[in-house]
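Let me begin by presenting the structure, written as C-alpha cells, before commenting on it.
The values are calculated or read from the model by the stated rules, or taken from the named source; none is laboratory data. All of these numbers come straight from a predicted model, not from anything done at the bench. Virtual Cβ from ideal backbone geometry, glycine too; neighbours counted across all protein chains shown. In case anyone asks, the SASA skips ligands and DNA or RNA and just uses the protein heavy atoms, side chains included. Shrake-Rupley method; radii C 1.70, N 1.55, O 1.52, S 1.80 Å.
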Amino acid sequence: MTLRDTTESDEELLLRFKKTGNSDYFGQLYNRYIPLIYGLSLKYLQNTELAQDAVMDIFEDLLPKIANYEIREFRTWIYSVAKNHAFHALNDSKLTKTMEIIPEIVESDDIISLFEEEETNEAHRKALYGCMEQLPDVQRDAIRMFFLEDMSYADIVETTGFQLKSIKSHIQNGKRNLRICLDKKLKR
Amino acid sequence: MNILDYIKGSKKGKSAQKFEQQLMRDPFLAEAMEGYEKVKGNHSLIIARLQKQVSKKAKRKRFRHPMFIWSTITSAVAIVAFIAFFFLGGFHLHFRGQKQLGVSGKPAPYSHDSATTMEASPITSANDTIRCIDMSKNGKEAVGRKPIIQPLAKDKRATRKSSIAQSKNYEKGASTTAEKKTPSQNAAKYPNIPNLPLMKTDNAEPTEISGTVTDAKGNPLVGVKITTGNSPDIHTDIRGRFTLKNVLKGQLISFSYIGFKSEEIAVSEETDQLFNVVILNENNDLLSQQVIISKDKWKSPNSKKAVQRASPAIGLKSYQSYIEKNKVKATSDGCKDKKGKVKVAFSTDENGRPYNIRVLQKLCTEYDCQTITLINNGPAWTADCEEVEYEVKY
C-alpha cells in the first residue's frame, strides 16, 4: 500500500473526513482495511468475485452514511460491518453453512502478554513457569518454542516433524491449560 | 509484516512468529487469514485494483450540498403536480381520500401486549458455567424467544418497576398482568410496535444509556444494529457494547442482528443504568450454529458431513445415565407439561469435545437449551467426528 496517510490514526482520518466533507480521506482510511475486509469476505463468500463485490458494496454503502456515525474504534467497527454484510449476503443466497464464532480472545491476550518481555511481575513469571512444568510434554514444548524461542509455526514443523494442525492445537490447548493453572495459583 | 507478505513468504522466522502471535489476538486478522487460506487467487493484484477503485470513487464524490439540488427539484415537481391536479379537478378526489386515511388512528398492536408479557428464569447447568435463559410465553407458540433487559445494578426491583412503568405508559390492562407475573428475577415487556414513535412521558430530559448485547449464554454479540428514531444507527463493538446518547425516556430502541428477531425495547424511567440486553433468536438452529463456542478456532468446517457411528468415550450406557442423572424437569410455561424428544447434532474435536451443537428437532425452548448444555458439559465422545446425532427424551 503506497498511501501517504500511514502516519495518521484511523480515528484522525475519520475526523478529517467529517470536518472537511472531503471523501478522499475516507477513501484512504477504507483502503487501509481492504486487505482485511476482502480476506474476511473471502472466508464467508468463498470466491473472489463475490468478495470483491462485497468490498465495493460496503464502501459505497458507507460513504454517504459514515459522516453521521459516532465510531469509537474504527477497526472493530468495520470488522462487525464487514461480517454483518457477509452474513446478510449469505442469508440471501440461502447457503446454510455452520459458522463458528471465534472464542473470546481476552484469554489468549493474557497468556501472550505474560510471555512478552514487558511482564515484570515476578510472582506472575514464577507462576507461569511453574504451570508450564505441569503441562503435558507436547504442549510445553510447543509453547516454549513458540513463545520463548520465537519460532514460527513453520519453524516448529521443521524442527519437530509434527504436523501444522497438531502444533496449533498443542499451543491452543497449552494456553488454555496455562490459563486454568494460573487462575488457580494466582487467585488462591 | 502485513498479511500478504506472510502468505507469500516462507512463514519462517521471528517476524512470521510475531504475525502468528498477532493472529491469536486479533479476530479480524484471523478471519481474513482464513479467507486467504481457503480461496485461491491473485490476491495482491485484486487488492491493489480494489484500492485504486476506491480512491477513484472517493475523489469523485465530493459532497456539494446535494440536499439543495434535490429540494429544488422535488418542490418544482410538487408544484407542477399540484397545479395539474387542481386544473383537472382531481384535487377534490384527493382531498376526500385524505380524510379516510386519517381515521385509522391509534396503533392497534398495543392490544397484543397482554399476551406478550415475558418471564425469564435462568437455569444453571450442573457446572454453573452456562446459563440458558428460559422464556415462557402466553398465547403464542413456544418456539420463538424475546429479549430480556437485565440491569447490571443488583437491585432486581428496578427491573420490576421498569416493566410496570412501561406497562403503565402503554396500556392499563397489562399492568396488572405484569405485577402478578413477575415472580422470577427478570421481567420485561415487549410492545410489538413496528415504528419508533416518541412516546409521551413525564420527563423529557435526554439521557445516555450504555449496555451490552449478549445471547442467551452471555456471549457478547458484535455488530448488532441499534436504531432509535432520532439518532443514526450504531453498532455494538467487538465486546458487544454500545452507548446511546440523547435518549429520551419512553423512547423505543430497536436491536437487530442477523438470525435474530428484531426487537424494540422502550427506555423506561429507571433506565439510567447500564443495561445488558440479551437477545435470543427465533430459530433454534441458527442460534446453535452461530453462537456455540468453538473449542478450536483453527478447525475449518468441511462442507461434506457424513453421519458416522460415533460413541461416547465412557460408553453409551454410562453416557445415557449421565444424561438421566442431570436431566431437569422443565418449569417454564411453554415446557413444563411437554413430553417428547430433542435431537441434536454436533461435531467433536480431537479431544472428543462436542462443538457446534445444533438442534435438529426441537421440543420447546427450555428443553432444547438444556440438551445443548448437557451435551456441551458432558463427557467426551470419539474424537474428530464430523457429525454426531443424539437424542434426549423428556
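Being open to solvent by 30 Å² or more (accessible area, probe 1.4 Å), free of Cβ contacts under 8 Å to residues at least 40 places away in the same chain and outside any helix (DSSP H, G or I) is a condition met by at least one residue of the stretch A:168-188.
Note on the stretch A:11-22: among residues that are closer than 15 Å to residue A:69 by Cα and over 23 Å from the mean Cα position of the chain (by Cα), the one that is surrounded by the most Cβ atoms within 10 Å (Cβ to Cβ) is A:17.
Take the conditions (1) more than 16 Å from residue A:13 (Cβ to Cβ); (2) open to solvent by 20 Å² or more (accessible area, probe 1.4 Å); (3) more than 7 Å from chain B (Cβ to nearest Cβ); residue A:83 misses just one of them, which is (3). Taking the criterion of being within 24 Å of the chain's Cα centre (by Cα), modelled with pLDDT of 90 or more and not acidic (Asp, Glu), would at least one residue in the stretch A:119-138 satisfy it? Looking for residues that are within 24 Å of the chain's Cα centre (by Cα), modelled with pLDDT of 90 or more and not acidic (Asp, Glu), one finds none in the stretch A:119-138, hence no.
Conditions (1) within 7 Å of chain A (Cβ to nearest Cβ); (2) within 30 Å of residue A:165 (Cα to Cα); (3) at pLDDT below 90, marked per residue:
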position	(1), (2), (3)
B:10	yes, yes, yes
B:19	no, yes, no
B:65	no, no, yes
B:83	no, no, yes
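Restricting attention to the stretch A:38-50 and to residues that are more than 7 Å from chain B (Cβ to nearest Cβ) and over 18 Å from residue B:27 (Cα atoms), the residue that is most open to solvent (accessible area, probe 1.4 Å) turns out to be A:49. Filter the stretch B:244-270 down to residues that are part of a loop (DSSP other than H, G, I, E, B) and basic (Lys, Arg) and give me whichever is modelled with the lowest pLDDT. Per the stated criteria, the residue is B:261. In the stretch B:22-58, the qualifying residues are those that are more than 15 Å from residue A:41 (Cβ to Cβ) and open to solvent by less than 20 Å² (accessible area, probe 1.4 Å), and the one that is nearest to the other protein chains (Cβ to nearest Cβ) is B:58.
Considering every residue within the stretch A:126-136, establish whether at least one is part of a helix (DSSP H, G or I), in the same structural domain as residue A:176 (by TED's automatic domain parsing) and farther than 19 Å from residue A:179 by Cβ. Checked the stretch A:126-136: no residue is part of a helix (DSSP H, G or I), in the same structural domain as residue A:176 (by TED's automatic domain parsing) and farther than 19 Å from residue A:179 by Cβ. For residue A:57, the conditions (1) open to solvent by 30 Å² or more (accessible area, probe 1.4 Å); (2) in contact with a Leu (Cβ under 7 Å, 6 or more places away or on another chain) all hold with the exception of (2).
Determine if the stretch B:218-234 includes at least one residue that is at pLDDT below 65 and assigned to a loop (DSSP other than H, G, I, E, B). No, the stretch B:218-234 contains no residue that is at pLDDT below 65 and assigned to a loop (DSSP other than H, G, I, E, B).
Can residue B:182 be described as farther than 24 Å from residue A:69 by Cβ, β-branched (Val, Ile, Thr), modelled with pLDDT under 70 and open to solvent by 50 Å² or more (accessible area, probe 1.4 Å)? Taking the combined requirement at face value, the residue does not satisfy it.
For residue B:371, indicate whether it is of a type in the set (S, T, N, Q) and open to solvent by less than 10 Å² (accessible area, probe 1.4 Å).
Numbers: of a type in the set (S, T, N, Q): yes; open to solvent by less than 10 Å² (accessible area, probe 1.4 Å): yes.
Here the answer is yes, as residue B:371 does meet what is asked.
Taking (1) open to solvent by 50 Å² or more (accessible area, probe 1.4 Å); (2) facing another protein chain (nearest Cβ under 7 Å); (3) modelled with pLDDT of 90 or more in turn, residue A:70 satisfies each apart from (3).
With the condition kept exactly as written, say whether any residue in the stretch B:316-330 is open to solvent by 10 Å² or more (accessible area, probe 1.4 Å), closer than 30 Å to residue A:177 by Cα and within 14 Å of another protein chain (Cβ to nearest Cβ). Within the stretch B:316-330, not a single residue is open to solvent by 10 Å² or more (accessible area, probe 1.4 Å), closer than 30 Å to residue A:177 by Cα and within 14 Å of another protein chain (Cβ to nearest Cβ). Scanning the stretch B:310-335 for residues that are farther than 10 Å from residue B:378 by Cβ and not in a loop (DSSP other than H, G, I, E, B) gives B:316, B:317, B:318, B:320, B:321, B:324, B:325.
Within the stretch A:25-37, can you find the residues that are more than 11 Å from residue B:51 (Cα to Cα) and either open to solvent by less than 20 Å² (accessible area, probe 1.4 Å) or at pLDDT 95 or above (or both)?
Once the filter is applied, which keeps residues that are more than 11 Å from residue B:51 (Cα to Cα) and either open to solvent by less than 20 Å² (accessible area, probe 1.4 Å) or at pLDDT 95 or above (or both), the stretch A:25-37 yields A:26, A:36, A:37.
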